[in-house]
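Only one structure is covered here, and it is reproduced in the block below.
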Amino acid sequence: IAYVGEPQSQVQAFMNTLRRTIWGFGGGIALAAGLAAVLIAGTFSRPLQRLAACARQVGDGDLTAPVPVTAAQDEVGQLLASFRDMTQSLNALIRQVQQSGTRITAAATGIAASGTELEATMTQQVAATNETAATARQIAATASQLVRTIDDVKRESHATAAAAGESQQSVREMEASM
């Protein structure tokens with residue numbers, strides 16, 4: 001910039017003032033951008049930190065851990081909602097396995113009771129062999145059903161374990177991608 005008729009010292013002073021002003025505006029803009037970045041990062045990181053804590057609890061086997069769901073419909077909100085749905089599904093699956101276990105216990109108790117009755121009947125009525133044979137066939141059919149039920153529970157248990165492993169792997173992948 002050239003100023004005709006101005007002393008060089010005034011031009012130099014003006015240029016120094018101009019430089020300081022530009023640096024001041026630039027610094028102010030950089031400070032404002034930094035503060036905005038911190039606020040925006042906090043908006044994303046706080047829900048993700050809460051999700052990570054919840055994922056650790058779920059990974060430790062606590063499926064009752066509350067999932068921090070937000071009202072936001074962005075990717076973070078969708079991730080939180082999906083994680084909540086996943087833990088609810090896992091809880092439902094575990095309840096089904098527990099109910100199957102209860103049914104198996106009830107069936108085993110019923111079979112044990114039938115065996116006790118059969119023993120008492122055989123002791124008291126040795127002459128009633130035909131009736132005892134029919135009861136034995138009934139017990140065999142019940143035992144066969146129990147074996148099928150146990151096989152079903154075994155398949156469900158393996159599927160649950162695989163689903164839990166996949167869920168843990170998905171959570172690790174989510175944590176790794178964050």
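The values are calculated or read from the model by the stated rules, or taken from the named source; none is laboratory data. All figures in this text were calculated on a predicted structure; none of them were measured in a lab. Cβ atoms come from the backbone with ideal geometry, glycine included; neighbour counts cover every protein chain shown. Accessible surface is based on the protein model in full, side chains and every heavy atom, while ligands, DNA and RNA are left aside. Shrake-Rupley method; radii C 1.70, N 1.55, O 1.52, S 1.80 Å.
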**Study point:** Mean ellipticity per residue at 222 nm, deg cm²/dmol - from DSSP H runs of n ≥ 4 across the chain, formula -39500 (n - 2.57)
**Key:** -32000 deg cm²/dmol
**Study point:** Pair D151, S177: separation of 7 Å Cα→Cβ label points (nm)
**Key:** 3.9 nm
Practice item. For A136 paired with T102, estimate the spin-label separation in nm (one decimal), with each label point 7 Å from Cα along the Cα-to-Cβ line. Key: 3.6 nm
**Study point:** Most mobile listed residue (A36, A162, A81) in the chain, GNM with C-alpha springs under 10 Å
**Key:** A36
Point to revise | GNM result for the chain, Cα springs below 10 Å: residue of L63, L146, L48 fluctuating most strongly | key: L146
Check your understanding: How high is the relative contact order of the range 1-88, in percent, counting Cα pairs under 8 Å that sit 6 or more residues apart?
Key -> 18 percent
Check your understanding: Residues of the range 1-125: accessible area per residue at 1.4 Å, in Å²?
Key -> 70 Å²
**Study point:** Carbon/sulfur fraction of accessible area - the range 17-147, other protein chains in place, 1.4 Å, %
**Key:** 63 percent
